[in-house]
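Visitor: This structure is in structure tokens; I'll ask about it shortly.
The values are calculated or read from the model by the stated rules, or taken from the named source; none is laboratory data. Nothing here was measured: the structure is a model prediction, and the numbers come from that model. No Cβ is skipped: glycine too gets one built from the backbone with ideal geometry, and neighbour counts run over all protein chains shown.
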Ligand SMILES: C[S@@+](CC[C@H](N)C(=O)[O-])C[C@H]1O[C@@H](n2cnc3c(N)ncnc32)[C@H](O)[C@@H]1O
């Protein structure tokens, strides 16, 4: 059966189900590029999802980078950031701002949260977390905000179908996993998620060498020479897509991959949480159910 018509909901360039213009969805990325920097051979040619451009900019000093996005508005935004633009708050940041607005109701006063973000010893962090922040009001608020009913007001159904049950409790678990392992003070994602402060690092000089492509990742890879990429970091582009698209993307990656090529694939879902390839706990952005780091030739063998 041909799957070449398989498409993805991300093409709409919106998180909600409304009809309207495409948007800048992500003002920053919430994907820790130390995963990619550890997975890809220095000097190699890699494909990354452009999104807000953060991963591409971290990879650019070490790799030949092709950054692709299906959403032209998001791609143009990444390009502006490569040129030095300080960036904006996208839809995702506005949703998080809204959630953070309720913080004081749960005892999360800005000074209390800031003191937590300044800690740099995971044992101390967990002590502070249990004593000051992990209150029953916080747990109830997160469980309410991450209930499917609440999320339906903001996200299109396809973005919710694959999410684990009791998402609030799952997200709290992912946060604790991060605080117990990574020092907050040097973790830019603790700062952005808990305080809403976005990093403002200037682009590296190699940012102007990043090749930008407006296309769907599967279609683009199908058009590329075989064995032309050594690494692929695919963000969580399979979240919200169907099995036909997954198969199509995996086939396209395998064809475009050199023999030792590595892949990184994230998901908010928990379906691959127990995979031996899952490095989610090493990703300081704390959000992910799985961050699969695998050779390209192993794609699709697990399902
Ligand atoms: C998957 S989303 C998730 C955001 C990401 N986790 C982050 O922290 O930035 C990232 C980007 O992928 C793009 N995207 C989604 N599916 C794609 C596809 N099939 N091909 C190319 N880009 C895609 C979206 O337009 C969006 O800009």
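Visitor: If you scan the stretch 258-278, which residues turn out to be touching a strand residue (DSSP E or B) at 6+ places or on another chain (Cβ under 6 Å) and either under 13 Å from residue 233 (Cβ atoms) or part of a strand (DSSP E or B) (or both)?
Guide: 258, 261, 262, 263, 264, 265, 266, 267, 278
Visitor: Picking from 260, 243, which residue would you name as being surrounded by fewer than 20 Cβ atoms within 10 Å (Cβ to Cβ), away from the ligand (no atom under 12 Å from the Cβ) and modelled with pLDDT of 95 or more?
Guide: Working: 243 fails: modelled with pLDDT of 95 or more.
Only one candidate qualifies: 260.
Visitor: Determine if the stretch 200-210 includes at least one residue that is in contact (Cβ under 8 Å) with a residue 60 or more places away in the chain and either at positive phi or within 14 Å of the ligand (Cβ to nearest atom) (or both).
Guide: no
Conditions (1) closer than 29 Å to residue 14 by Cα; (2) assigned by TED's automatic domain parsing to the domain that holds residue 31, marked per residue:
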{"site": "76", "(1), (2)": "yes, yes"}
{"site": "79", "(1), (2)": "yes, yes"}
{"site": "82", "(1), (2)": "yes, yes"}
{"site": "95", "(1), (2)": "yes, no"}
{"site": "101", "(1), (2)": "yes, no"}
{"site": "118", "(1), (2)": "no, no"}
{"site": "122", "(1), (2)": "no, no"}
{"site": "127", "(1), (2)": "no, no"}
{"site": "140", "(1), (2)": "yes, no"}
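Visitor: Do the conditions hold for residue 133, that is, is it under 18 Å from the mean Cα position of the chain (by Cα) and either surrounded by 13 or more Cβ atoms within 10 Å (Cβ to Cβ) or farther than 17 Å from residue 175 by Cα (or both)? Full working, then the answer.
Guide: Details: under 18 Å from the mean Cα position of the chain (by Cα): no; either surrounded by 13 or more Cβ atoms within 10 Å (Cβ to Cβ) or farther than 17 Å from residue 175 by Cα (or both): yes.
No; evaluated as a whole, the condition is false for this residue.
Visitor: Same structure, new question: In the stretch 138-187, which residues are in a helix (DSSP H, G or I), farther than 24 Å from residue 94 by Cβ and without any contact (Cβ under 8 Å) to a residue 24 or more places away in the chain?
Guide: 173 - this is the single residue of the stretch 138-187 that is in a helix (DSSP H, G or I), farther than 24 Å from residue 94 by Cβ and without any contact (Cβ under 8 Å) to a residue 24 or more places away in the chain.
Visitor: Check whether at least one residue in the stretch 62-77 is at pLDDT below 95 and in contact with a strand residue (DSSP E or B) (Cβ under 7 Å, 6 or more places away or on another chain), and report yes or no.
Guide: Yes, the stretch 62-77 has at least one match.
Visitor: Can I ask one more? Say we look at the stretch 98-135 and pick out the residues that are outside any helix (DSSP H, G or I) and touching a residue at least 60 places away in the same chain (Cβ under 8 Å); which of these is farthest from residue 51 (Cα to Cα)?
Guide: Applying the first criterion (outside any helix (DSSP H, G or I)) to the stretch 98-135 yields 102, 107-109, 118-121, 134-135.
Now narrow it down to the ones that are touching a residue at least 60 places away in the same chain (Cβ under 8 Å): 118-121.
Numbers: 118: 28, 119: 30, 120: 29, 121: 32 Å.
The qualifying residue farthest from residue 51 (Cα to Cα) is 121.
Visitor: Let me spell it out: the conditions are (1) within 30 Å of residue 17 (Cβ to Cβ); (2) not assigned by TED's automatic domain parsing to the domain that holds residue 282, and residue 222 meets all of them except one. Which number is the exception?
Guide: (2)
Visitor: Same structure, new question: Scan the stretch 39-52 residue by residue and report those that are under 17 Å from the mean Cα position of the chain (by Cα) and over 16 Å from residue 217 (Cβ atoms).
Guide: Matches in the stretch 39-52: 39, 52.
Visitor: Cβ-Cβ below 6 Å, separation at least six or inter-chain, first residue in the stretch 51-64 and closer than 16 Å to residue 24 by Cβ, second more than 11 Å from the ligand (Cβ to nearest atom) and assigned to a loop (DSSP other than H, G, I, E, B): which pairs?
Guide: 56/210
Visitor: If residue 224 meets every condition in (1) away from the ligand (no atom under 15 Å from the Cβ); (2) part of a loop (DSSP other than H, G, I, E, B); (3) surrounded by fewer than 17 Cβ atoms within 10 Å (Cβ to Cβ) apart from one, which number is that one?
Guide: (1)
Visitor: Going by the structure shown, is residue 181 outside the structural domain of residue 25 (by TED's automatic domain parsing) and either modelled with pLDDT of 95 or more or crowded, with 16+ Cβ neighbours inside 10 Å (or both)?
Guide: Details: outside the structural domain of residue 25 (by TED's automatic domain parsing): yes; either modelled with pLDDT of 95 or more or crowded, with 16+ Cβ neighbours inside 10 Å (or both): yes.
Spelling it out, residue 181 is indeed outside the structural domain of residue 25 (by TED's automatic domain parsing) and either modelled with pLDDT of 95 or more or crowded, with 16+ Cβ neighbours inside 10 Å (or both).
Visitor: In the stretch 283-303, how many residues are within 16 Å of the ligand (Cβ to nearest atom), outside any loop (DSSP other than H, G, I, E, B) and out of contact with any strand residue (DSSP E or B) (no Cβ under 6 Å at 6 or more places or on another chain)?
Guide: Total satisfying the criteria: 0.
Visitor: Could you check the stretch 34-97 for helices (runs of 4 or more DSSP H) lying wholly inside it with 2 or more residues that are buried (at least 21 other Cβ atoms within 10 Å of the Cβ) and within 11 Å of the ligand (Cβ to nearest atom)? If you could, list the steps in order and put the result at the bottom.
Guide: Details: elements: 34-39, 54-59, 72-82.
Those helices (runs of 4 or more DSSP H) span 54-59, 72-82.
Visitor: So, one more: Check the stretch 264-280 and report whether any residue there is closer than 13 Å to residue 47 by Cβ and within 17 Å of the chain's Cα centre (by Cα). Even if it seems obvious, please write down each step before you answer.
Guide: Of all residues in the stretch 264-280, those closer than 13 Å to residue 47 by Cβ come to 264-265.
Now drop any that are not within 17 Å of the chain's Cα centre (by Cα), which leaves 264-265.
Yes; the residues of the stretch 264-280 include at least one that is closer than 13 Å to residue 47 by Cβ and within 17 Å of the chain's Cα centre (by Cα).
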